[in-house]
Amino acid sequence: MKLLRRAFSTGALDMAYEMHGSKTASRSIVFLHGLFGSKRTNRSVARSLAQKVDARIFCVDQRNHGDSPHSDVHTYAAMAADTALFIKKHGLEQPLLIGHSMGAKTALATSLLNPQLVSAVVSVDNSAVKKPLGAGFEEYIAGMQVADAAGPRSQQELRSILEPYGETTPVTEYLSSTFAKDKDGVYRCTLNLNTLSDSLPDIAGFDDCLENKQFIKPLLLIRATQSHFVPDSAVETTRKMFPNLQCVDIDAGHWLISEKPHEFVRICVDFVRSLKDF
């Protein structure tokens, strides 16, 4: 059971964010987290990357996550509309979009629907194809729903509830990071668990309205070799929509940014330096 604590919104949503790097930097990057993530998830790599490429990096909370509004709609077309609104509202001049997993598909959808707003895309271990997430994500949501209903008052209590659902300590820690203390000292989940649960097929998919569009600017697809998310066939399907695609493999699992942060930053730096119009 999920206790709703905020009003639901319709249309493009105004996303919460953190900004890293110099406010006077001419380059801008929007960093989109994966499912169950937040603006804090990629904070350390964003700070490192911002210094190395002299850019402002905006780490956002996507809809139904973190401090951003909740909605009963969770499609990539909707999340692309949120991203376009963010770019326009903050006056960003053709930023680079970096997204991991769900965030990768949001970045791809944004560039297809609004190519004039985006200079290039880095898609991290996801592509423009429909690919099942796996049963584990349903278990994660079930665990967070149980913990949310229990109302734990300490991190230790929260982790003990989530542990049977988290499989490993890092996953349990990741799930616990979606909780925050309310004014009564109770840990509550910041995710819109009901909508995310109902939307897992949409998150695994890629909106049909995007299939006949193209983004001809650069796309870097960073693929994790120990992950099932981006097989060779997915690379070729994505290339039809993104003809200026290059693919780089990292020997890591799906959470490659946290597993290989230095390698990830190095690859992103090399890509940024190769761009002529950023």
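The values are calculated or read from the model by the stated rules, or taken from the named source; none is laboratory data. None of these values were measured; they are calculated from a predicted model. Note that each Cβ is placed from the backbone with ideal geometry, even for glycine, and that neighbours are counted across all protein chains shown. Ligands, DNA and RNA are stripped out before the accessible areas are found, and what is left, the full protein with its side chains, is counted by its heavy atoms. Shrake-Rupley method; radii C 1.70, N 1.55, O 1.52, S 1.80 Å.
Numbers at a glance
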read-out: For region 69-111, accessible area per residue (1.4 Å probe, heavy atoms of protein chains only), Å²; value: 24 Å²
read-out: Distance in nm between pseudo-label sites at D182 and A142 (7 Å out along the Cβ direction from Cα); value: 2.5 nm
read-out: Theoretical ellipticity at 222 nm over the chain - DSSP helices of four or more residues, -39500 (n - 2.57) apiece, nearest 500; value: -12000 deg cm²/dmol
read-out: Residue-normalised accessible area of region 8-65, given per residue in Å² at a 1.4 Å probe; value: 39 Å²
read-out: Carbon plus sulfur fraction of accessible area for the chain, probe 1.4 Å, in percent; value: 49 percent
read-out: Kirkwood hydrodynamic radius of region 197-278, from inverse mean 1/r over distinct Cα pairs, in Å; value: 14.4 Å
read-out: Under 18 Å from the Cα of K23 - aspartates and glutamates, other chains or at least 8 residues apart; value: D54, E93
read-out: Kirkwood hydrodynamic radius of the chain, from inverse mean 1/r over distinct Cα pairs, in Å; value: 18.9 Å
read-out: For region 75-152 versus region 153-191, the gap between their alpha-carbon centres in whole angstrom; value: 23 Å
read-out: Computed accessible area, K130, all protein chains, 1.4 angstrom probe, square angstrom; value: 120 Å²
read-out: Straight-distance crosslink candidates among lysines, where the alpha carbon sits under 21 Å from K276 and sequence neighbours closer than 8 are dropped; value: K52, K217
read-out: Size of electric dipole in the chain: Cβ of Lys, Arg +1 and of Asp, Glu -1, about Cα centre, debye, nearest 20; value: 940 debye
read-out: Hull shadow area, averaged, region 111-216 [alpha-carbon convex hull, nm²]; value: 8.7 nm²
read-out: Dipole moment magnitude, nearest 20 debye, region 177-246 about Cα centre, only Lys, Arg, Asp, Glu C-beta charged; value: 340 debye
read-out: Inter-centroid distance (Cα atoms) of region 193-239 relative to region 22-70, Å; value: 20 Å
read-out: Gain upon complete extension [T225, N244; 0.36 nm per residue less C-alpha separation]; value: 4.7 nm
read-out: Eligible aspartates and glutamates near K89 by straight Cα distance, threshold 19 Å, same-chain separation 8 or greater; value: D14, E18, D61, D67
read-out: Projected area, mean over directions - region 164-218, Cα convex hull, nm²; value: 7.2 nm²
